[in-house]
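Undergrad: Have a look at the structure that comes next, please.
The values are calculated or read from the model by the stated rules, or taken from the named source; none is laboratory data. These numbers come from a predicted model, not from an experiment. Here the Cβ positions follow ideal geometry from the backbone for every residue, glycine too, while neighbour counts run over all protein chains shown. Protein only, heavy atoms only, side chains kept; ligands, DNA and RNA dropped before computing areas. Shrake-Rupley method; radii C 1.70, N 1.55, O 1.52, S 1.80 Å.
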Amino acid sequence: MGNSKENRQRLLSALTRPNRYSLTLLFIVWGLCGLFYYLGEIVYFFNWVAVRWDFLYSVHDFHRALFLFPLVYAGYIFGVRVALTLSILTMMLFLPRAIFISPYPDPILRMLLFMLIAGGMSLVTAVARREYLHRTRLQEHLLQERDRMLHMLEGMDDGVAIIGPDYRIRYMNQNLRKKLPALENNLCYQQLRGLSAPCGENCYLAEVLKGSSARWEYKLPDGSVFEAQASPFRDVDGVTCQLTILRDITPAQHPGRKPL
Amino acid sequence: MEPERICALVILGILHWMLAFILLDDMTRRQQMRRRHKAPWVILIVSLVFIGSLVYLLCHPGFFYGNDDDQT
């Protein structure tokens, strides 16, 4: 049971990517649609009286509509060039009936109108799919870059924090998490200094968000002192944040070091 | 000849040359294809309306993948 579901998923996955299976399917469906389109003439030619149904000799608007499947599929899987090529081929396939066979009024006009809609749908599908794939690739690349950067930050000896314009801590590296009892997504002044409002003179967030860098000394209620260095940073969502590097310079740990 | 048929033949001509242009452009990009192998394909695509192009597409599936590799 599970195996058949897996096989079905694998088949579906193979048919939604450009490969020999999807190409074969496209040719088969397009070929069958073509055969069906001229089935009336084939039946007539071979004199198969038993299958000479009226439906095969009626207005071919429905017969033409079946071509929507291969055209849209071609656009979705193979892109703009194949969608355009198949649309041209399909139109060329329709023309002999429109010129020589169809006894109904305006066969060329009806065929042109259909192709305008079907070809348009195929091309729009191709363009939309291309844009979607491009965006997905860019997002993956962006996330990979972010992971790489976070991996680098995690390995740093200094503490690193990313603080958003709303004073929320977006990220803290491992070292800082060990030293400071703050949690991500919480307000920095509340979590780090136990205040109910931003730090005032000791806060450089507004300046940093405008594009300048800042360096100051950061004293916590427990007596520990940090040398803070902040610069602007554009996060993955496009929001400018403050990237802060905090170095522990508590006098007990660094007795010879002068404060900033 | 009726004007509608003339119109259809003009459309067929335009479509044929559009398709030929796309396929010949694809052929010129193919580095694996030898020059002497290209000439028969050019004649086939240009002279045989619809059939020539269809045969070229069936013999060169690389066209669908946008690469030079027909073994895919």
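Undergrad: For residues in the range A:1-24 being of a type in the set (A, V, I, L, M, F, W, C) and under 25 Å from the mean Cα position of the chain (by Cα), which is farthest from A:Ala74 (Cα to Cα)?
TA: Out of the qualifying residues, it is A:Leu11.
Undergrad: Let me ask something else about it. Residues being more than 25 Å from A:Phe78 (Cβ to Cβ), without any contact (Cβ under 8 Å) to a residue 24 or more places away in the chain and within 19 Å of the chain's Cα centre (by Cα): count how many of those fall in the range A:101-149. Full working, then the answer.
TA: Let us first name the residues in the range A:101-149 that are more than 25 Å from A:Phe78 (Cβ to Cβ), namely A:101-110, A:142-149.
Restricting the remaining residues to those that are without any contact (Cβ under 8 Å) to a residue 24 or more places away in the chain gives A:103, A:105-109, A:144-145, A:147-149.
Next, only the ones that are within 19 Å of the chain's Cα centre (by Cα) stay: A:144-145, A:147.
Of the residues in the range A:101-149, 3 are more than 25 Å from A:Phe78 (Cβ to Cβ), without any contact (Cβ under 8 Å) to a residue 24 or more places away in the chain and within 19 Å of the chain's Cα centre (by Cα).
Undergrad: Using beta carbons and a limit of 7 Å, which pairs, at least six apart or on different chains, have the first residue in the range A:73-97 and closer than 16 Å to B:His16 by Cα and the second one open to solvent by less than 10 Å² (accessible area, probe 1.4 Å) and not in a helix (DSSP H, G or I)?
TA: Going by the 7 Å Cβ cut-off, the qualifying pairs are A:Thr90/A:Phe67.
Undergrad: Mind counting the residues in the range B:13-31 that are within 11 Å of chain A (Cβ to nearest Cβ) and more than 13 Å from B:Val49 (Cβ to Cβ)?
TA: Result for the range B:13-31: 4.
Undergrad: Among the residues of the range B:32-44, is there at least one that is facing chain A (nearest Cβ under 8 Å), open to solvent by less than 50 Å² (accessible area, probe 1.4 Å), out of contact with any Phe, Trp or Tyr (no Cβ under 7 Å at 6 or more places or on another chain) and of a type outside the set (A, V, I, L, M, F, W, C)?
TA: Within the range B:32-44, not a single residue is facing chain A (nearest Cβ under 8 Å), open to solvent by less than 50 Å² (accessible area, probe 1.4 Å), out of contact with any Phe, Trp or Tyr (no Cβ under 7 Å at 6 or more places or on another chain) and of a type outside the set (A, V, I, L, M, F, W, C).
Undergrad: The conditions are (1) within 12 Å of chain A (Cβ to nearest Cβ); (2) surrounded by 11 or more Cβ atoms within 10 Å (Cβ to Cβ); (3) of a type in the set (Val, Ile, Thr), and B:Val10 fails exactly one of them. Which is it?
TA: All conditions are met except number (2).
Undergrad: Quick one: which residue in A:Phe27, A:Phe69, A:Phe62, A:Phe78 is aromatic (Phe, Trp, Tyr), within 14 Å of chain B (Cβ to nearest Cβ) and surrounded by fewer than 19 Cβ atoms within 10 Å (Cβ to Cβ)?
TA: A:Phe27
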